[in-house]
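Below is one structure, written out as C-alpha cells, with a few remarks after it.
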Amino acid sequence: MKVPLLDLGPTLEEQKQEIIDKVVEVVESTRYIQGPEVEAFEEEASDYCGVDGAIGVSSGTDALLVALMALEIGHGDLVLTTPYSFFATMGVILRLGATPVFADIDPVTYNMDPQKMEEVLAGEKTGKIKAIIPVHLYGQCADMSSIMEIAGCHGLPVIEDAAQAIGAETIYSHRNEKGWRKAGSMGFAGCFSFFPSKNLGAIGDGGMVVSGDEEFSHKVRLLRNHGGEPKYYHSMVGGNFRLDPIQAAVLRIKLKRLEQWHRQRRQNASLYNKLFEENTTLASIPVSTPAAVNEELSRKGEEERNYHIYNQYIIRVEKRDELRNWLQQKNIATEIYYPLGLHQQKCLTDIFTPPPMSNTEKAAQETLALPVYPGLTPEMQEYVVKSIAQFYT
Ligand SMILES: Cc1ncc(COP(=O)(O)O)c(C=O)c1O
C-alpha cells in the first residue's frame, strides 16, 4: 500500500467541475487584477474568521511582510516570535532589516510558551521590541489569552501567524471577552496562507491579512498595491502583494467545504489516537500523539480548550529519523516540520548567536508529521500505525 503525505485529488474531485467552470468565467470576464472575486472572497473570509476586515494578498509570507510594513517595523527594531515555525515567520522580520528574538515553545503544544515570552519581555529593557508574532502551529491555536494579556501589559501589537490554522478555534478570555474565537481574530492582526497544502488551499499561492483596526487595514490595502494614494502619488513604499482573482474565485468555492474538511481531518486524527492507544506494542513505547493536550485537560476535569484543525498530525517519537526511513521503505510518506529551530538557521547564526531553545531543539529531533488529509482511508491509517509498531518491535 502507498500512503502519500498529502493527496489533493479526493477533495478536488468533489468540486472539480465547479472550479473549472469558475476559472473559465474569470478568464472570460477579462478582470484579471483585483475586482469582484477578490472583494467577494474578502467579505466571505472575514465573516468566516469572525473579523471586521480582510485583505487578500499574494501569499502567507506577504501577509506577514505587509502587516509588519504597515506597523513600520524596520532597521533597529526587534520582533518577538517563536523559534519553531516555517522560515517565513522569521524571514519577513529579517527582510525588513529588523531582528527576531525568540521565546521557546511549550513542549506539549509546540506553540510559543507565554511564560517564556514574559521572561524575554521582562529582560529586554531597551524598548526595541515592536511587535509579537505567535504562530498557531500545525492548526492549533497558541495560548492567545495569556499572550494578549502579556502583550497588553507591554503595549505591543500581536500579529497572529495563522498560516496553518484558518478555522482553528480556542476559548479566549481577555479583558471582558470570553468565548470561542477563531485563529487570526484575537490579535491586532492575523495572517493566513492559502498555499495548496493548507486546509484552505488555492491552486497556487495566496494569502490574507485580517484586522479589526480600520487605519491599519487601510494601510495594508494600500501597501499591497505599491502604497499609492491617490493612485500614482506615493507617500510610502509598498509592493505588488495582490491576490489573484482566479485564486480568490477558487478559494470562494473551497471555503464552502472547509468545515467538512476540518471534520474529516479531526476524524483522521482521532482514529490515529485510537489506533496508537489500542496497539499493545506501542502502548509500551513512547509515541506521543497530539491528543496529549486534551487528555491532560480532561483528566484535570477541564473542558477541551482548542478546536484543532490538524493541518498537520504530529507525533513525537524516539529514533525519529530511523523510523522515517523505515516508513519510506513501506511507501509511507512523512515529513519533519521542522528539522531546525529558526534560531539555528545559518542566515541568522552568521549574524549573531541567539540563546539556545531547548524545547524547540528537542522537538526538532523528535517530531514527525503523518498523513492526515481528507480522503485518507482508515485502512491507510491502520497500515501507518501497524508499520510504526513493527519498527519498534
Ligand atoms: C507558519 C507559517 N507561516 C507562514 C507561511 C508562509 O505562507 P506562504 O507559503 O503562503 O507564503 C507558512 C506556509 O507554509 C507557514 O506555515
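The values are calculated or read from the model by the stated rules, or taken from the named source; none is laboratory data. Just so we're clear, the structure is a prediction, and the values are computed from it rather than from any experiment. Note: ideal-geometry Cβ built from the backbone for every residue, glycine included; neighbour counts use all protein chains shown. Keep in mind that these areas ignore ligands, DNA and RNA; they rest on the heavy atoms of the full protein, side chains included. Shrake-Rupley method; radii C 1.70, N 1.55, O 1.52, S 1.80 Å.
Could you please tell me which pairs satisfy a Cβ distance under 6 Å, a separation of 6+ or placement on different chains, a first residue in region 74-90 that is in the same structural domain as Phe192 (by TED's automatic domain parsing), and a second residue that is within 9 Å of the ligand (Cβ to nearest atom) and open to solvent by 30 Å² or more (accessible area, probe 1.4 Å)?
Within 6 Å, the pairs are Ala88/Thr61.
So which residues in region 83-98 are more than 9 Å from the ligand (Cβ to nearest atom) and either in contact with a Ser or Thr (Cβ under 7 Å, 6 or more places away or on another chain) or open to solvent by less than 10 Å² (accessible area, probe 1.4 Å) (or both)?
Passing the criteria: Pro83, Tyr84, Met90, Ile93, Ala98.
If you check Tyr337 against the conditions, is it surrounded by 17 or more Cβ atoms within 10 Å (Cβ to Cβ), over 17 Å from Thr89 (Cβ atoms) and assigned by TED's automatic domain parsing to the domain that holds Leu271?
It is false that Tyr337 is surrounded by 17 or more Cβ atoms within 10 Å (Cβ to Cβ), over 17 Å from Thr89 (Cβ atoms) and assigned by TED's automatic domain parsing to the domain that holds Leu271.
How about region 1-49: which of its residues are farther than 30 Å from Gln328 by Cβ, in contact with a Gly (Cβ under 9 Å, 6 or more places away or on another chain) and of a type outside the set (D, E, K, R)?
Within region 1-49, Val26, Ser29, Gln34, Val38, Phe41, Ala45, Ser46, Tyr48, Cys49 qualify.
Has region 164-179 got any residue that is within 28 Å of Asp47 (Cβ to Cβ), outside the structural domain of Glu361 (by TED's automatic domain parsing), open to solvent by less than 30 Å² (accessible area, probe 1.4 Å) and free of Cβ contacts under 8 Å to residues at least 24 places away in the same chain?
The answer is yes; a qualifying residue exists.
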